[in-house]
Every structure is written in C-alpha cells, then in structure tokens.
Amino acid sequence: MSLLAAGGLALLHIIQTVWTCLISLLYYPFVPNPRPLVASRLKLPSKLGLILADTHENPSEEEIRNVINNVVLTVKWCKEAGIPNLSVYDRYGTGSKYSKRIKTALNHEAFKVTESRSLSTRGRRAPSTTLTINYTSDMSSSQKLISNKHSSVKGVDIDQQDRPYSYHQLTLSLLSYESSKPCMASLARSFTSEKNTEISVSKIDKTIYDTLNLQAPDLTIVHSIIRSPLRAPGLELYGFPPWLLKLTEIYYDDRPSLLRAWRSRTSKQRIVAISEENFRRALDSYDSAEMRLGK
C-alpha cells in the first residue's frame, strides 16, 4: 500500500470515529435502560426467532462455540421471560450440525433435553432439528400480568390462570438455509409430480408448517456474530424462511457505539455473542409495538 493510500485510509478512520462518537453522545442520553427479563410486560411473544447473521460455511472452532453459546444464552433468557418457542436460524446450519453439543451444554445448565428430527405429513424428513427442553421455574412477572388481566393480545396464552410457575417445556428449532428456498422448491416439485392434485395457498401453507414443524415467530431478533470495528452491518434476513415472517416484529440493534468507534482504530473483526441487554430491549420493543394488521 502506498504512503498516500495509507494516509487516506487513516484519515477516513479518524473521520468515521469522530462522527460515530458525536452521534453516540447525542443518542445515548435519550435511550432508557431496558426492563429486566421478569419485568411486567403487556405483550410477550410466544414464538421467538433468532437469526445469527454472518456465519460461515466452514466455521472455525471459535465461531462454532459462539453459535452454541448464543443458543444456550437465548434459551436461558426465554426460560426467565416465559417464552415457550424459540427458532434459531443460521444460514449454513451450524446450530443444527452441532445440535448434540448444544444439547450437552443445555443439560449442564440443568435442563432436560430430548432431540428429534420430525417427519412431515408427506413422509419427508424435515430440514430442521427440534430440541424439547423441560424445566420448572416461578412464573415471570409478565406472565402474571397477562394472566391477571386475561389479556387477549397476541402472545403467551396461559391456560391455567392459577398456575404458580412458568412453562415446563420450551421447544427449540434449529434452522438453516435448507429450511428456506430449497425446502419450498422441494415441496413444489412434489406437488407437480402428483397427478390430479389440487393446489391452493392454504394447502401449501399447511404443508410448509407441517414440514418444518414450526409457526411464524411473533418477534425475530437479528444478531450478527461478526462485529466489524468499522461499521454496524446492515439489516438482512440471510435467507430466513420468508413465509415465517407474515406478521412478525423484527428487532436489530444498529445503534452507534463509542466502543466500536474506538476499536475501529486498531482492532479487527470480532466474534461476539448476543447480550442480555439487547434481548431485553427487543422484548421492550415488541411490548410497545402496535400491530395494525394492515389497517
């Protein structure tokens, strides 16, 4: 690299650092701290999606451990908040490939986990891995509030109003790109190969949901496991099955960061785990979201 190019790059880094610092100083004083996991919320998602972005086809051991850690942390937070369904997606299926390590890590956290790859109604093996996680704990404040007010909003449905504890079971689905467009293409080929078969939108929807054995999430969190010191990655869905996003609140933390700006001067890309603060902020965002349903 020539001296002129190096000087220009250094100047660009300085300008971006100063700009990010200014934006952060103006932004952060007005951002309230997120409420605790067990805080009272009027709305709580019953189905949560987590997209782990920027994974690699041939991940390093550090990246594999990070994906496993993200899954385990999110399961623990779902338990505390009282969320019974979690779908974790990474494009290359690292979570699904290493589901046994995830199961072992969850068992070490005092969960009882069973694994299955369910078959669809069409006899095909579903392109996803499902872990059934059993646990007991006190009912969260959010669940108590919803239970006491008999809330009719979309979210957790507590059948037994006097139940003093939260859900005994959490369903974890590990998805990859094979659960997305390739799955749809396979189903389309199977429909065309059948003679005298009437095709309708409702039939396709039912077949998709039966194949993947999951439903659309109420809230989807997008988290990039690769943190670039120079920028916050733009919001993408990275091939997440689009038919699972018919009506979902999407949360992505793209706030400017003083720490990121400072590290941009000397640091390289880092592999990072999702933070509890961002998870709680996502729950707050969902709680305050207004679903107009096209009105």
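Loop-only check: which GluC sites (Glu not before Pro) in the stretch 38-79 are DSSP coil with at most 10 other Cβ within 10 angstrom? Numbers along the way, then the final one.
Numbers: sites: 57, 61, 62, 63; in loops: 57.
Sparse-neighbourhood loop GluC sites (Glu not before Pro): 57.
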Once R0 is set to 25 Å, what does the formula 1/(1 + (r/R0)^6) return for the Cβ-Cβ distance between residue 205 and residue 116, expressed as a FRET efficiency to the nearest 0.05? 0.65
Residue 198/residue 290 FRET efficiency (R0 35 Å; Cβ-Cβ; nearest 0.05): 0.35
Would you pull out the residues with amide H under 5 Å of residue 50's amide H, same chain only if 5 or more places away, H placed 1.01 Å from N? 87, 88, 89, 221
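Taken together, the values in this text are just the output of simple stated rules run on the coordinates, not laboratory data. What you are looking at is a predicted structure, and each value in this text was computed from that prediction instead of being measured. We place every Cβ from the backbone using ideal geometry, glycine too, and count neighbours over all the protein chains shown.
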